[in-house]
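Below: the structure, in structure tokens.
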Amino acid sequence: MDKSGDGGSPQRPKYRVLQDELSDRIRRGVYRPGQALPPQRQLAASLGVTLMTLRQALRGLSDQGLVVQEPGRGTFVSPPLAAYRLESLRSLADELRAQGREVVTRVLSAQLRRLPAGVAAELGADAGARGLRLERVRLVDGDPAVHQVSWVPEPYATKIRDADFAATPLYHALATRCEVAIAAATESIRPVVLPARVAELLRLPAGGAAFASERITRGVDGAALVHDQATIDGSRMLIRADRLAHSMSLQWSLAASG
């Protein structure tokens, strides 16, 4: 319980002071990403606090995503986070590369197919219309992180069908081959459980937590150009909102594996 000091101001609980001190050490690199913290009894003794106080502080750090507590192994500093800004019109892969991440695209298929009814409606296409279905897995720093299915309607689909999407971003192919510019996008995110096939592609257990992102990208004339569905490992995902006086930005952060 908080107590009043000599000046009448509330005194912060010891575990919160300790939590802030450990958080500062992590952010300054005293404890590096992936590094194990000293055993709890040893750490508590070196900091001059009780074991209960230390454990409360570690729970707070875990809630912040700064540490991971593994029963029987210890407490580890969380890996660095790769943030994807939702308001950006850059692709997810471009956003991660801008943060210094190594992103490799593995193309699973690129086929002209009939648009599913829901996708056709989102793209403003006629029922029975065809489009390019592009399925990819994104590897971030060597580990599969994102499963993505993109639909592009005609007349653009045929023009970009034979592009090397392992090396050429979809937006770039649209700009160079179809002479269309990206002007706006809307994106929604919801929690889902991983279906078996996607879980296998991401090397995760089926039925685990995941986030599903659905994004509609439009050109300068307002026409829908791309329908994207991306699935990302929910156990390593953090969504954060930064609120300013006159604006708000949203980010999601994907912890790098290993």
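Assign unit charges at the C-beta atoms only (+1 for Lys and Arg, -1 for Asp and Glu), then state the dipole size of region 129-204 relative to its Cα centre in Debye, rounded to the nearest 20.
Numbers: 10 positive and 9 negative charges, 45 e Å.
Rounded to the nearest 20 debye, it is 220 debye.
Given points 7 Å out from each Cα along the Cα-Cβ axis, report the residue 16 to residue 197 separation in nanometres with one decimal.
According to this spin-label approximation, the distance is 5.1 nm.
Please list 3J(HN,Hα) in residue order for region 27-37, calculated via the Karplus relation 6.51 cos²θ - 1.76 cosθ + 1.60 where θ = phi - 60°; whole Hz, with x for glycine and proline.
5, 8, x, 4, 10, 8, x, x, 6, 7, 6
What are the ³J(HN,Hα) couplings of region 209-219, residue after residue, when phi is run through the Karplus curve with 6.51, -1.76, 1.60 and θ = phi - 60°? Round to Hz, x for glycine and proline.
Ordered by residue, 3J(HN,Hα) equals 6, 8, 10, 10, 10, 10, 9, 10, 10, 10, x Hz.
In nanometres, what is the gap between the two model label sites at residue 63 and residue 117, each 7 Å from Cα along Cα-to-Cβ?
Using points 7 Å along Cα→Cβ, the separation is 4.6 nm.
For residue 67, enumerate residues with amide H under 5 Å from its amide H, sequence gap 5+ or separate chain, H modeled in the peptide plane.
62, 78
Based on Cβ point charges of +1 for Lys and Arg and -1 for Asp and Glu, what charge dipole magnitude is obtained for region 3-77 about its Cα centre, in debye rounded to the nearest 20?
The dipole magnitude comes to about 80 debye.
Express in whole angstrom the spacing between the alpha-carbon centres of region 132-184 and region 17-52.
Region 132-184 and region 17-52 have Cα centres spaced 45 Å from each other.
When ranked by the protection proxy of mean other Cβ atoms within 10 Å per residue, highest first, what sequence do the peptides 181-187, 12-18 form?
Highest to lowest by the protection proxy: 12-18, 181-187.
Per residue of region 134-141, what does 6.51 cos²θ - 1.76 cosθ + 1.60 with θ = phi - 60° give for ³J(HN,Hα)? Whole Hz please, x for Gly and Pro, Karplus curve as stated.
10, 10, 9, 10, 9, 9, 10, 6
Here, each number is a calculation from the coordinates, and none is a lab measurement. Since this is a predicted model, take the numbers as computed values, not measurements. Here the Cβ is made from the backbone with ideal geometry for all residues, glycine too, and neighbour counts use every protein chain on show.
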